[in-house]
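Heads up, the thing below is written out as structure tokens.
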Amino acid sequence: MTTTVRTRVAIVGAGPAGLLLSHLLADAGIDSIILDRRGRDEIESTIRAGILEQETVRVLSETGASDRVLTVGNRHDGIELHFEGEGHRIDFPSLTGRSVWLYPQHEALKDLIAARLAAGQDLRFETEVTGVGDVESDRPWVSATSADGTEVRIEAEFVVGADGSRSVVRPAVTGSSSGGYFREYPFAWFGILCEAPPSSHELIYSNSPDGFALISQRSATVQRMYFQCDPEADPDAVSEAEIWATLQARVPGTALTEGPIFQREVLRFRSFVAHELRHGRAVLVGDAAHTVPPTGAKGMNLAVADVVLLDQALRALLLENDTRLIDAFADTALRRIWKAQHFSWWMTSMLHTASDASAFDQRRQVGELRSVVESEAGRTFLAEAYTGWPHQSSDR
Ligand code: PHB
């Protein structure tokens, strides 16, 4: 038995992109159904990055998607770039007039899920998409199986793939599950969460001869730290003492406050942009469309920028039958996506140590870091990208 339901927009994926899109569309009276194969608990407890651009925070707070971002989140006015044993601060407000906020992604997800459920959103967890079709027509559909085995067919006017890097909607847009531009990196991050007070009041991005380290935060009592490791590393094969020794050695001059490590993982990353972002009445946003290495802190921010554009395009299409914005969507979104790809690749290459790096490569890298920190133009370039370029507004 298959139940058929109708909605205007079928959204696959209850991550930041899918949830925020449904929230923005609802404000324009456009109803949607969100499906996610994961359960609510899994979504709300998956640990992801935590830096939000000023524009991301504005969208979340002004639209009522999250009030807590301003109260629970912390504004950060700079970062420290650390190399050759010295820290160099990049001061965001004086260079760009902007700041960033540290607010873990799963907190933003809790806010969004609560806001959508309170507004009566049809949000179906543990529902696995089994097919997407007729995207070249005005009546595309998504078929899915819910946790209790019920088959459902959602008939919509538009389908959105906001379902992450292993997107099941992607083949309906690009013609294959992997179709895209990508780049692999020969390293990964060893990430930990520990119970300790912050070791530094701002984030430290450190380049050291032994490899990269990032000292981030979660709260007054929980800290997030990473160090560059082999992608094949086994997170459980390292003792706490070894983890602290590695981290300490990579930020010479800063004494890290140690504490019990209660979560550890090896995070692989790559750069990816799908060959197509839209095909007929199906579109990809967020990680389904692109993934970036975490060094630039761009992941969730890019997803939000995609969704702000898509919301405008879907309002024009579905409320006024105006196709201009949806026709321009991919090109407009890709301009920002490729800038963010460049920035994320650049931060990654400038700060990590390749295992085959020559003495020339290492000295050149320090020369590059000096070119950035010793020049106002260099610091401004980094600060503009890190705090986020202004959101594009679509020309109509
Ligand atoms: C984090 O806090 O998890 C984090 C912060 C900045 C990054 C990446 C991850 O660039």
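For the reader, a short list of remarks on this structure follows.
- Spacing of the modelled spin labels on GLN392 and TYR181, each 7 Å from Cα toward Cβ, amounts to 1.4 nm.
- In the chain, a dipole from Cβ-located charges (positive for Lys and Arg, negative for Asp and Glu) runs towards its positive end, and of PRO235, LEU247, TYR185 it is TYR185 whose Cα lies farthest in that direction.
- Annotation: Cα Rg of segment 272-396 relative to the compact-globule expectation 2.2 N^0.38 Å equals 1.29.
- Structure remark: mean-square fluctuation, Gaussian network model of the chain, C-alpha springs under 10 Å; the largest value among SER358, SER177, SER271 belongs to SER358.
- The residues neighbouring LEU109, those whose beta-carbon lies less than 9 Å from its own, together hold a net charge of -1 under the Lys/Arg +1, Asp/Glu -1 convention.
- The residues of segment 65-136 have, on average, 43 Å² of accessible surface per residue, using a 1.4 Å probe with all protein chains present.
- Highest mean packing first, where packing is the average number of other Cβ atoms within 10 Å per residue, the peptides 238-248, 222-232 line up as 222-232, 238-248.
- Dipole magnitude for the chain: computed about the Cα centre from +1 point charges on Lys and Arg Cβ and -1 point charges on Asp and Glu Cβ, it is near 540 debye.
- Of TRP189, TRP141, TRP338, the order by accessible heavy-atom surface (1.4 Å probe, DNA, RNA and ligands excluded), from most exposed downward, is TRP338, TRP141, TRP189.
- Protein heavy-atom surface of the chain, 1.4 angstrom probe: 48% of the accessible area is carbon and sulfur, with nucleic acids and ligands not counted.
- Rolling a 1.4 Å probe over the heavy atoms of the protein chains gives segment 178-296 an accessible area of 39 Å² per residue.
- Distance cut-off 30 Å, percentage of C-alpha pairs in the chain lying past it: 41 percent
- Dipole magnitude (debye, nearest 20) for segment 80-234, charges at Cβ of Lys, Arg, Asp, Glu: 320 debye
The values are calculated or read from the model by the stated rules, or taken from the named source; none is laboratory data. These figures come from a predicted structure and were not determined experimentally. All Cβ positions, even for glycine, are placed from backbone atoms using ideal geometry, and neighbour counts span all protein chains on display. Surface areas here come from the heavy atoms of the whole protein model, side chains and all, with no ligands, DNA or RNA. Shrake-Rupley method; radii C 1.70, N 1.55, O 1.52, S 1.80 Å.
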